[in-house]
There are 2 protein chains.
Amino acid sequence: MEFAGAEPARVFSVHELKAHCLNCSVRELCLPVGLSADEMKQVDGVVTHRTRLKKQQPLFRAGEPFHALYAIRVGSLKATLLAGDGREQVAGFHLPGEILGLDGLGTSRHQAAAIALEDSEVCVLPFAKVEGLARSLPALQQNLYQIMSREIGRDQGMMLLLGSMNAEERLAVFLLNLAERHLRRAYSSTEFVLRMTREKIGSYLGMKLETVSRQFSRFQEGGLIQVQGRSVKLLDPVALKRLVRKQG
Amino acid sequence: MEFAGAEPARVFSVHELKAHCLNCSVRELCLPVGLSADEMKQVDGVVTHRTRLKKQQPLFRAGEPFHALYAIRVGSLKATLLAGDGREQVAGFHLPGEILGLDGLGTSRHQAAAIALEDSEVCVLPFAKVEGLARSLPALQQNLYQIMSREIGRDQGMMLLLGSMNAEERLAVFLLNLAERHLRRAYSSTEFVLRMTREKIGSYLGMKLETVSRQFSRFQEGGLIQVQGRSVKLLDPVALKRLVRKQG
DNA sequence: CGACTAGTTGAGGCCAGTCAATGTTGGTGG
DNA sequence: CCACCAACATTGACTGGCCTCAACTAGTCG
């Protein structure tokens, strides 16, 4: 356990944070499809509170009862699965505007844990409320379906990566994927700081940390990227894409 | 393309098949949670028609527009993803009572293709109708969420397998998973016939067909299973489970 | 400053991939 | 019904990519 002695996350009321969906900077990411201002206001009412997490602090743990979805406002989190023998594998890294907790719905317990990679802020959406509102707001309903379906698509993409790509391709996909997601958040898509260690990247991509490190070095030698610890600059994204296309 | 010259699947009206959800043998699998007889009748109305597929025939292909979910009544299908270079990877094998097509919802196009492994029969549930009915039937709504969430859980389990297990463990998981699913269908859980080739198993598990074959042989030598082509008998499921637990 | 965590790089081994030969099965047409 | 063919499966020998183990460096925090 990385954060065994964690105190419970401090909770802020909505008013305290003065943050609402209407003026949230990531609103079109977490609920992308057409909601009117009035509908947005109703969705706002579903957000009972927000939570601040310190680096390494868990939002929820595997096995805990599911009762809410979580939208990331600020920061980033990793989702980790527990393997049979107790070791953990990273199932995903999540950026602002992304929704966490979907995996718990089916079994009513979270399968994965969610842990903050840096100090973060998360909106809590009690699922009972979301469900209720969705029944009267078809647009929200569709958003929900889409979010879940996209998660399925994303996971299947990972299965493809883990099942048929070599180390070089995996890291290229990882970097390009991060770049794309940064782009949609109006961050720089060519220059960014990794929020996770080589080990976590490896865990996510199904390889060892040494292999990740070597691959970074190789990309740098080839002039594809520039790495300095966790700072990455993509020098030739097109070439990276070619690496992936060649052999899928 | 495995079935390039496929004619379109022949379509039967509901009356023609005399099959209804109420007396369907797999009903409690595809819609597990409490629906009353009356509600079931309404769900029945959503099933506009059923489709028969010959072995190798596609139910839908990757890239096709999404407009329906599919419930398998009889037979089995595989879901396949197309990699960058055109090769395909199996994303899943599906048995009677399981729902297909969820991946298409998010992008409104199917990401995976679904192809019959044997002659099969499938219920077609136009999503617009499902969606409409779900709005007035909370139980159906919850079923939908659960089905999608379970698919996410399943995919994450695959990520774990592909990311951190060796060949031996992968095949053991595969066999145990099949056994469990057969059990819930009141089939024999210790003796069954594989509906797919070694190559497809390998594609699904992220290994080559030779490795699958060798692993089968090794399990047999060890007295864990008995294999004869596609007929498999689990002689020592407990030992198989131990193989998986040891190293996750 | 020392202890610790994170990252890089090298040497060597092993598991699964590759290539190849051979055996088996199942479907088709005579 | 059988012969034939193609697809599927098994097994062996060899190879190679990633893992393992290990040494070393850099940065961080008390």
- Cα-Cα pairs above 22 Å in region B:17-117: how many percent? 34 percent
- Task: Work out the length of the dipole vector of the protein assembly as shown about its Cα centre, built from +1 on the beta-carbon of each Lys and Arg and -1 on the beta-carbon of each Asp and Glu, and round it to the nearest 20 debye.
- Result: 520 debye
- Query: How big is the gap, in Å, between the Cα center of region A:91-152 and the Cα center of region A:44-61?
  - Reply: 12 Å
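Using only atoms on other chains, find how many Cβ atoms lie within 10 Å of each Cβ of peptide A:178-191 and report the average.
The per-residue average across the peptide is 0.
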- Message: Students often get this wrong, so check it: of A:Lys55/A:Lys200; A:Lys200/A:Lys241; B:Lys41/B:Lys78, which have C-alpha atoms separated by over 18 Å?
- Response: A:Lys200/A:Lys241; B:Lys41/B:Lys78
- Please sort by residue number the GluC sites (Glu not before Pro) in region A:52-136 whose DSSP state is loop and whose Cβ has at most 16 other Cβ atoms within 10 Å. A:Glu118
- For the protein assembly as shown, rounded, prolate or oblate, judged on the Cα gyration tensor with a ≥ b ≥ c (square roots of eigenvalues), a/c < 1.5 rounded, else prolate if a/b > b/c? oblate
- Item | Stokes-Einstein diffusion coefficient of region A:110-248, Kirkwood radius over Cα pairs, 4 °C, 1.567 mPa s, in µm²/s | 75 µm²/s
- Query: So what's the net charge close to A:Ser76: Lys and Arg +1, Asp and Glu -1, counting the other residues with Cβ under 12 Å from its Cβ?
  - Reply: +3
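What longest range of chain B stays clear of loop-exposed trypsin sites (Lys or Arg not before Pro) (DSSP non-H/G/I/E/B, at most 11 other C-beta within 10 angstrom)?
The longest such stretch corresponds to B:19-248.
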- Got a sec? Charge dipole of region A:165-246, +1 on Cβ for Lys and Arg, -1 for Asp and Glu; which of A:Ser217, A:Leu178, A:Ser231 is way out at the positive end? A:Leu178
- Query: Could you name the aspartates and glutamates in cross-link range of B:Lys129, using Cα to Cα under 16 Å and dropping any fewer than eight places away on the same chain?
  - Reply: B:Glu39, B:Asp44
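Bear in mind that the values in this text are calculations on the coordinates, not laboratory data. Computed from a predicted structure; not experimentally measured. Reconstructed Cβ throughout: ideal geometry from the backbone, glycine too, with neighbour counts over all protein chains shown.
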